[in-house]
Amino acid sequence: MTRRFLFVCLTAVLAAVLLLSVAPVSAGTPKIPFAADDTIEEIRVKIEANGYGFTVDHNRIFDMGPEERGRLFKRRPSVPTAEAMEKCADQSGGALRLWRTALPSALDWRNYEGRAYIGPVRDQGNCGSCYSFGAAAAAEGAYNLARNLYDENLVDFSEAYIAWCLGALPEYAAHFYGCDGADYDYMELQALTEVGVADEADFPYQDDFAGACPYAGPTTMFRSWHRVPCGDIEAIKLAIMNYGVVDAAVMVTAAFAAYSGGVYEDTLTACDGDPCAYTPTDHAISLVGWNDNGDAENEGYWILRNSWGSGWGENGYMRIKYRSAVVSCAVSYMVPSVPRAVLSAIPAVVSDTSATITGQINPNGAETSYRVEYGLTPACELATAERTLAAGDDPVNVELTMTGLQAGATYYYRLTATNASGSGASMDETLATAQAGHRVVNGVDFGPDSAVLTNVWMPISEGDTWVFEGPAGRVSVIAQGKEDVFGVNCLKVSIHGNLVWLAQDTAGNIHIFRYRDAAGTYTVETYTEFPNYWLPREPGTVANWTWTAGSFGPVQAAVQPAADEAAGDRRAAGGELLTVATTFPDSSWVNLEYRSGSGLVGFEDETGAYTLTAASGGGGGSGGSGGCFISTGR
C-alpha cells in the first residue's frame, strides 16, 4: 500500500467521521462552537452544519504556530479599578452626546457619499500591538469626521507612538506597552486625552522597536473617550454615525483567524463579563460601519477593520454578525477637542438671493465661533459673519443666512466652528438658488404667483372672531395673528382653546404647520416630505405627518369630498367644498371644511359638526356662505 493511497484513505475516513458526528443543525438546536485548534477541514464542516454563510482558508495568521499566536493575541483581562467602573457606568446622557438619531439601514465610513473618512488597512506584523491600531483607527475616524477630512486629506496617527512612547510612560505602562499587549481598561484611549498622539510621519510603525521614544514634538489631543453601553447594538450604531470609527474587541477562534469572505458568525454572542464590558476578549479591532442586511435582528453585520494587512479576509476587513465573537461587548469612541459642526437634516430654505442654513454645534468645552462658508466653487470663498457660542458640552441649534446670492445658481456650503483647540467643519453640501422672483423650500419651487404665500396672504387682524354653531352650541374661532413657521407666514387661530397654525396655497390646498394643546406645542418635524404636507385637492388623498414634540404620531390627514345634498350638503356656489380630516397625536381630531376661493366654512370634532354663522371682522361672512379665517384674496 503506497503512502499516497494511505493518505487518501485516512482523509476519507476523517471526513466520514466528521459528517457523522456533525450532522446539519436543525432549527432550535444549539450551534456547534468553533475551537481554537480546529483545522480548516473541521471549520468548513462546522460552517456547513451550522448553516453559516462565510468561507475560510489558510493565511498567515491561521498558519501561525502556538508560540507566534501567543505573541500576537495579547489583549488581557484586568480587574477594573474604581475609575474603570465609572467608565462602564458612563454610558448615557452626557456621555453619548449624539446629534443625529435617525439611523440608516447601512453606513460605511470607507465610502460615505463617495468619500473615504478612514485610510488603508494597516498590519501589526508579529507584534501584540493590536490595541494601538484599534485606538489609532478610532482617533483617526473621529478626527476626520469632526474636521471633514477625507480621501487624500485624511489624518494618519502613529500606532508606534501609542505603543512605544505612551506605553513607556509610568502611568500607562502597567496597562499597555509595545508588543506586550493591553488590558481591558482602554488606558491607551485615556492617554490620547492626556498626552495626545503623534502623526504617522513623525514615528512610522515598526514591530521590533527598542530604545527610548524618538519623538517629543506636538501631538493631537482628544477631549474624552467613552464606552458604548455593553451589547447595545443601536447605541453602537449611533456612536459610529456621530463619532466615526469606534474601538472594539473580539475573541478570536480558529474560524475567525481563517476567515476569507462572507458574513462571519459563531456561538460567542453573550456579553457575560462582570462588569459586562470586561467580557473575555483577546484581540482589539475597530468598526467602520454596519449593514442591517434586510433583517437587522438576524442578518445584520458590522464592517470590522482588522490590523492583519490587506491580504487577510476581505481586503483586511470582515463582515461580522452584530453579536458574534462578542464584538459588541467592549466598544468605545473618541471625542475630539475641536468643536463639532453638523448641518441639519432639514434642507435649506432659499430664495433667489438668500438661503437660510440650520445645524448644530458642540463647542466641546470651549468658547466657539462659527459661520457658514459658501461659494460657487468647492473652495467656499465667501462666509457669513461670525457668531459666538459660550463654552459647553452639548449640541446647540444654530441658524445662519447667506445673502447676496445669484439667482438660479448652485452654491457649495459648510458649517464651520473654531475653538482654542482648532477648527471643525460639517460635511460639504450644495443648494440651488431659486430663479429670479421665486422661492424654493426643499426643492419645491414657489413661483411669482404662489410666492405670496409667505407675505401677502391672509389679510386678517388679530382678535377677529368667527362663530360656529353645532351640537355643543356656539364655538368661537379666534384669530391670534400671523406667525412665521419655516419661513411661511401662517395664520394662527384658536379652536376650543387649542392653537393651530395654517396656510393655504394658490391652488386651494391647506396645510397645518403647527398646533398646541394642553400637552405642549407640536411642529412638523422636517421639510423632508414638505410637498406631501400640502394636502392636494383630490379626494381620498392621505398624508401622515410627524411632529417634534413627544412620542406621538403619525398624524394622519386626508382630503375628503363634502357630503352630498341628500346628507345635508353645505356646499355653496363659488367653489368645490372639501374636508381636511386630521387626527392629532393625542387622539383628538378635527375636520376643517374649506372651499377653494373662500376658505373655512365649518369644522368638526368629537362633539359633532359646526357651521360658520357669523364673523366679527376680517375676511369673514355669515351663514356659511363665504367668510373664512383663511383668505385667498390679496
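The values are calculated or read from the model by the stated rules, or taken from the named source; none is laboratory data. As the structure is a computational prediction, the values presented were derived from the model and not from experiment. All Cβ positions, even for glycine, are placed from backbone atoms using ideal geometry, and neighbour counts span all protein chains on display. Note: areas computed on protein heavy atoms with side chains; ligands, DNA, RNA excluded. Shrake-Rupley method; radii C 1.70, N 1.55, O 1.52, S 1.80 Å.
Taking each residue of the range 53-67 that is in contact (Cβ under 8 Å) with a residue 24 or more places away in the chain and of a type outside the set (Ser, Thr, Tyr) and looking for partners that are open to solvent by 70 Å² or more (accessible area, probe 1.4 Å) and not in a strand (DSSP E or B) with beta-carbon atoms closer than 8 Å, six or more apart or interchain, yields Val56/Arg44; Asn59/Gly311; Arg60/Gly311.
In summary, Thr193 fulfils each of the numbered conditions (1) in contact with a strand residue (DSSP E or B) (Cβ under 6 Å, 6 or more places away or on another chain); (2) not in a helix (DSSP H, G or I) with the single exception of condition (2). Whether any residue in the range 241-250 is of a type outside the set (Lys, Arg), open to solvent by less than 20 Å² (accessible area, probe 1.4 Å), within 25 Å of Pro80 (Cβ to Cβ) and at pLDDT below 95 is what I want to check. Within the range 241-250 (the criterion being of a type outside the set (Lys, Arg), open to solvent by less than 20 Å² (accessible area, probe 1.4 Å), within 25 Å of Pro80 (Cβ to Cβ) and at pLDDT below 95), the answer is yes, since at least one residue qualifies. For the range 164-175, the count of residues that are under 22 Å from Val288 (Cα atoms) and either in contact with a Gly (Cβ under 8 Å, 6 or more places away or on another chain) or outside any helix (DSSP H, G or I) (or both) is zero.
Being touching a residue at least 24 places away in the same chain (Cβ under 8 Å), hydroxyl-bearing (Ser, Thr, Tyr) and open to solvent by less than 10 Å² (accessible area, probe 1.4 Å) is a condition met by no residue of the range 353-360.
Considering only residues that are without any contact (Cβ under 8 Å) to a residue 40 or more places away in the chain and surrounded by fewer than 21 Cβ atoms within 10 Å (Cβ to Cβ), which ones fall in the range 148-168? Across the range 148-168, the qualifying residues are Leu149, Tyr150, Asp151, Glu152, Asn153, Leu154.
Candidates are the residues of the range 389-414 that are in contact with an Asp or Glu (Cβ under 8 Å, 6 or more places away or on another chain) and closer than 26 Å to Leu154 by Cα; the one that is most open to solvent (accessible area, probe 1.4 Å) is Tyr412. Can Ile32 be described as at pLDDT 95 or above and open to solvent by less than 30 Å² (accessible area, probe 1.4 Å)? For Ile32, the condition - at pLDDT 95 or above and open to solvent by less than 30 Å² (accessible area, probe 1.4 Å) - is not met. When Lys321 is evaluated against the numbered criteria (1) over 21 Å from Leu72 (Cα atoms); (2) under 19 Å from the mean Cα position of the chain (by Cα); (3) buried (at least 21 other Cβ atoms within 10 Å of the Cβ), which criterion, by number, is the only one it fails? With respect to (1) over 21 Å from Leu72 (Cα atoms); (2) under 19 Å from the mean Cα position of the chain (by Cα); (3) buried (at least 21 other Cβ atoms within 10 Å of the Cβ), Lys321 is out only on (2). Residues that are without any contact (Cβ under 8 Å) to a residue 60 or more places away in the chain and more than 30 Å from Ile361 (Cβ to Cβ) number at least 1 in the following strands (runs of 3 or more DSSP E) confined to the range 215-334: 301-305, 317-321.
Number of residues in the range 105-147 that are open to solvent by 40 Å² or more (accessible area, probe 1.4 Å) and acidic (Asp, Glu) equals 2. Where strands (runs of 3 or more DSSP E) fall entirely within the range 369-436, those with at least 1 residues that are touching a helix residue (DSSP H, G or I) at 6+ places or on another chain (Cβ under 9 Å) are at 422-425. Of all residues in the range 333-342, one or more are closer than 18 Å to Ala146 by Cα and of a type in the set (Gly, Ala, Ser).
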